[in-house]
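First comes the structure, then the notes that go with it.
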Amino acid sequence: MGGGAMMAGVSRLLLLFVLSGFTICTQAQQAVAGAAVTTTAASPAGATPGSLQEMLSKPAVLRGTLGDAQVQLSVKPKADEDGLEGKYFVFGQSAQILLAGEVDQNDLMMEESHNGKDVSGQWEGSFKNGLLSGTWSTLDGSVTKPFSLKVGAP
């Protein structure tokens, strides 16, 4: 490698910098910031950084309320297909209720099952300002409860 060619390139760059003042500096900062965003690790396809979809691209625990009850959900990406799977429980009760569903950017839709076969309810919500909130309902829609959850580390 010839050091002279590299120095000439650096000199040309410095000359450009001096001639165009701060505009090149601002553009360079934006380019570096853009590169940092695009090279950030493995986001699921189409997931916006900081979105619920990105947060749930690895195992996660969500805690909060379902109606008046305190709940904890544990979810993770499905191993061989798109979507989420997991379970939740109500504090003070031993039953684990199975969950399966999907997340698209900041919108979540999951179904639950008490026996692993039949759907017993569904969760529909959206993520905003660090909070996942929405409505839980029985399969026939006769009972609904609001839910509000925060995403934490497992």
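Structure notes:
Yes or no, residue by residue, for (1) modelled with pLDDT of 85 or more; (2) over 28 Å from Thr144 (Cβ atoms); (3) polar (S, T, N, Q); (4) assigned to a loop (DSSP other than H, G, I, E, B):
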| position | (1), (2), (3), (4) |
| --- | --- |
| Phe17 | no, yes, no, no |
| Gln30 | no, yes, yes, no |
| Gly34 | no, yes, no, no |
| Ala42 | no, yes, no, yes |
| Ser74 | yes, no, yes, no |
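- Segment 136-145, residues that are open to solvent by less than 70 Å² (accessible area, probe 1.4 Å), not in a loop (DSSP other than H, G, I, E, B) and not aromatic (Phe, Trp, Tyr): Ser137, Thr138
- Segment 54-72, subset touching a Ser or Thr at 6+ places or on another chain (Cβ under 6 Å) and in contact (Cβ under 8 Å) with a residue 60 or more places away in the chain, residue farthest from Leu131 (Cα to Cα): Val61
- Residues (open to solvent by less than 40 Å² (accessible area, probe 1.4 Å) and β-branched (Val, Ile, Thr)) located in segment 50-101: Val61, Val71, Val75, Val90, Ile97
- Any hit, segment 52-62, residues being at pLDDT below 85 and within 20 Å of the chain's Cα centre (by Cα): no
- Looking across segment 105-127, the residues that are on the phi < 0 side of the Ramachandran plot, open to solvent by 40 Å² or more (accessible area, probe 1.4 Å) and touching a helix residue (DSSP H, G or I) at 6+ places or on another chain (Cβ under 9 Å) come down to Asn106, Asp107, Ser126.
For (1) under 15 Å from the mean Cα position of the chain (by Cα); (2) assigned to a strand (DSSP E or B), each residue gets a yes or a no:
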| position | (1), (2) |
| --- | --- |
| Asp80 | no, no |
| Phe127 | yes, yes |
| Ser133 | yes, yes |
| Phe147 | no, yes |
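The values are calculated or read from the model by the stated rules, or taken from the named source; none is laboratory data. Remember, predicted model here, so these are calculated numbers, not experimental data. Here the Cβ is made from the backbone with ideal geometry for all residues, glycine too, and neighbour counts use every protein chain on show. Protein only, heavy atoms only, side chains kept; ligands, DNA and RNA dropped before computing areas. Shrake-Rupley method; radii C 1.70, N 1.55, O 1.52, S 1.80 Å.
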